[in-house]
1. How much FRET efficiency would the formula 1/(1 + (r/R0)^6) give for His47 and Val23, where r is the Cβ-Cβ distance and R0 is 22 Å, rounded to 0.05?
2. Can you list the HN-Hα couplings for the stretch 37-54, worked out from phi with the Karplus curve (6.51, -1.76, 1.60; θ = phi - 60°), rounded to whole Hz and with x for Gly and Pro?
3. How far apart, in nm, are two points set 7 Å out from the Cα along the Cα-to-Cβ line at Leu98 and at Thr58?
4. Using a Förster distance of 30 angstrom, determine the FRET efficiency expected from the C-beta separation of Ile40 and Glu65, and round it to 0.05.
5. Classify the stretch 41-103 from the C-alpha gyration tensor, please: rounded if a/c falls under 1.5, else prolate or oblate depending on whether a/b exceeds b/c.
Amino acid sequence: MVLTSEDLIFSDASGAPLHGRHVTQRHLASLLREASLPAIRFHDLRHTYATLQLAAGTSPKLVAEVFGHQDVGITLDRYSHSQPAMHREAAERLDAMLGRSSG
């Protein structure tokens, strides 16, 4: 299998893959500074993506596929976080299913 620039999230101008330090030191760090955001590790982007996707209601199966996890349980164990808003939304969905109003 030959990778092309269309297969990669990060590639250089010729379509070749960028490697760890190139992404973090040459690109990510400057983008974060320009956006006035704190320095983070590249892996933190992965965690943020998964957490936000799951919080937005994206299927855990889809998030697992994006990450290449064989088992959706791995994705849920690592990236789903119980948040008060999620509990409230789950209770509201159950109320709606049961025909109760939320207010």
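Readers should treat all values here as calculations from the given coordinates under stated rules, not as data from a laboratory. From a predicted model like this one, the values you see are computed outputs, not experimental measurements. Using ideal geometry, Cβ is built from the backbone for each residue, glycine included, and neighbour counts are taken over all protein chains shown.
1. On the way: r = 16 Å, r/R0 = 0.72.
Efficiency, from the Cβ-Cβ distance: 0.90.
2. 9, x, 5, 9, 7, 4, 4, 4, 5, 4, 4, 4, 4, 5, 4, 5, 4, 5
3. 3.2 nm
4. After rounding to 0.05, the efficiency reads 0.75.
5. Working: a/c = 3.31, a/b = 2.11, b/c = 1.57.
In terms of gyration-tensor shape, prolate.
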